[in-house]
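What follows is a single structure, written as structure tokens, with notes after it.
The values are calculated or read from the model by the stated rules, or taken from the named source; none is laboratory data. Source: prediction; values computed, not measured. Reconstructed Cβ throughout: ideal geometry from the backbone, glycine too, with neighbour counts over all protein chains shown.
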Amino acid sequence: MIKGDLVGLRAVEKEDLQLLRDWRNIEEFRKNFREVRELNMANQIQWYEKSCVNNPNDFMFIIIELADNKPVGACGLLYINWVIRSADLSFYIGKNEEYIDEKGLAKDSAQLLIKYGFENLNLNKIWMELYEFDNKKLNFFQNQFDFKIDGRLRQNCFENGKYYDSFILSLLNKDYKI
């Protein structure tokens with residue numbers, strides 16, 4: 001386990017799939033994910049085998065609160081491109097449907113994940129795509145970790161009968177200050 005002050009990151013296990021499915025199916029969460037459909041256990045098992053078991057380019061973790069050793073969220077570095085050394089960051093706090101919490105669990109976990117990406121995987125860039133209405137994550141990653149907006153994809157999301165833009169944000173290793 002990769003340990004921080006409040007949380008630890010551990011590999012996803014098959015026993016985590018029901019909890020992950022339930023978190024991913026929270027409507028307020030799902031609208032912020034590229035996969036917008038309601039997921040079933042067959043979807044979760046397929047994802048687990050593809051991303052967590054048989055893919056050297058995806059590193060998924062369960063976020064564990066150290067105080068009680070219980071899962072509180074999930075995060076990962078995905079679609080790693082080993083040539084340009086970049087990864088797509090995936091992240092949320094599922095506990096109490098918080099998404100990004102105010103108690104520091106999100107900050108500690110994101111810090112651990114970013115540090116792991118730059119210092120252990122030797123990545124050059126960690127990036128993510130966020131929809132323009134995902135203010136919690138946009139503010140969190142820009143304000144807490146100095147992610148920069150690389151670009152805007154116009155009308156790249158359809159939610160509740162309307163098209164929205166998405167932003168590509170990134171943090172470069174040379175700008176990493178943790």
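Mind checking which strands (runs of 3 or more DSSP E) fall wholly inside the stretch 78-178 and carry at least 1 residues that are of a type in the set (S, T, N, Q)?
Details: elements: 86-93, 125-131, 148-159, 162-172.
Passing ranges, in order: 86-93, 148-159, 162-172.
Within the stretch 50-71, identify whether any single residue is in a strand (DSSP E or B), within 12 Å of I126 (Cβ to Cβ), out of contact with any Phe, Trp or Tyr (no Cβ under 6 Å at 6 or more places or on another chain) and of a type in the set (A, V, I, L, M), and answer yes or no.
Within the stretch 50-71, none of the residues are in a strand (DSSP E or B), within 12 Å of I126 (Cβ to Cβ), out of contact with any Phe, Trp or Tyr (no Cβ under 6 Å at 6 or more places or on another chain) and of a type in the set (A, V, I, L, M).
For the stretch 147-162, enumerate the residues that are surrounded by fewer than 16 Cβ atoms within 10 Å (Cβ to Cβ) and not polar (S, T, N, Q).
Result: K148, I149, D150, G151, R152, L153, R154, F158, E159, G161, K162.
Applying the selection to the stretch 24-44, what residues are of a type outside the set (S, T, N, Q), loosely packed, with under 13 Cβ neighbours inside 10 Å and either at pLDDT 95 or above or in contact with a helix residue (DSSP H, G or I) (Cβ under 9 Å, 6 or more places away or on another chain) (or both)? Steps first, please.
Our first condition is that a residue be of a type outside the set (S, T, N, Q); within the stretch 24-44, this holds for 24, 26-31, 33-39, 41-42.
Next cut, loosely packed, with under 13 Cβ neighbours inside 10 Å only: 27-28, 34-38, 41-42.
Selection gives E28, E35, V36, R37, E38, M41.
Does Q144 qualify as being under 20 Å from L78 (Cβ atoms), among the polar types (S, T, N, Q) and surrounded by fewer than 19 Cβ atoms within 10 Å (Cβ to Cβ)?
Here the answer is no, as Q144 does not meet what is asked.
Would a scan of the stretch 15-23 turn up a residue that is of a type in the set (D, E), buried (at least 16 other Cβ atoms within 10 Å of the Cβ), out of contact with any Ser or Thr (no Cβ under 6 Å at 6 or more places or on another chain) and not in a strand (DSSP E or B)?
As a first pass, look at the stretch 15-23 and keep what is of a type in the set (D, E): 15-16, 22.
Among the residues that remain, those that are also buried (at least 16 other Cβ atoms within 10 Å of the Cβ) are: 16.
From the residues that got through so far, the ones that are out of contact with any Ser or Thr (no Cβ under 6 Å at 6 or more places or on another chain) too are 16.
Filter once more, so that each one left must be not in a strand (DSSP E or B): 16.
Taking every residue of the stretch 15-23 in turn, at least one turns out to be of a type in the set (D, E), buried (at least 16 other Cβ atoms within 10 Å of the Cβ), out of contact with any Ser or Thr (no Cβ under 6 Å at 6 or more places or on another chain) and not in a strand (DSSP E or B).
List pairs: first in the stretch 28-53 and under 28 Å from Y163 (Cβ atoms), second polar (S, T, N, Q) and not in a helix (DSSP H, G or I), Cβ under 7 Å, 6+ apart or cross-chain?
Pairs found: E38/N25; L39/N25.
Only one residue in Y79, Y99, Y92 is in contact with a strand residue (DSSP E or B) (Cβ under 8 Å, 6 or more places away or on another chain) and either surrounded by fewer than 18 Cβ atoms within 10 Å (Cβ to Cβ) or free of Cβ contacts under 8 Å to residues at least 12 places away in the same chain (or both). Which one?
The unique qualifying residue is Y79.
Give A110, A106 a once-over and let me know the one that is in contact with a Cys (Cβ under 9 Å, 6 or more places away or on another chain) and either modelled with pLDDT under 95 or of a type outside the set (S, T, Y) (or both).
A110
D165 passes all but one of (1) surrounded by fewer than 12 Cβ atoms within 10 Å (Cβ to Cβ); (2) free of Cβ contacts under 8 Å to residues at least 40 places away in the same chain; which number fails?
Result: D165 fails condition (1) only.
What about I126, is it closer than 18 Å to L6 by Cα, touching a residue at least 12 places away in the same chain (Cβ under 8 Å) and surrounded by 20 or more Cβ atoms within 10 Å (Cβ to Cβ)?
no
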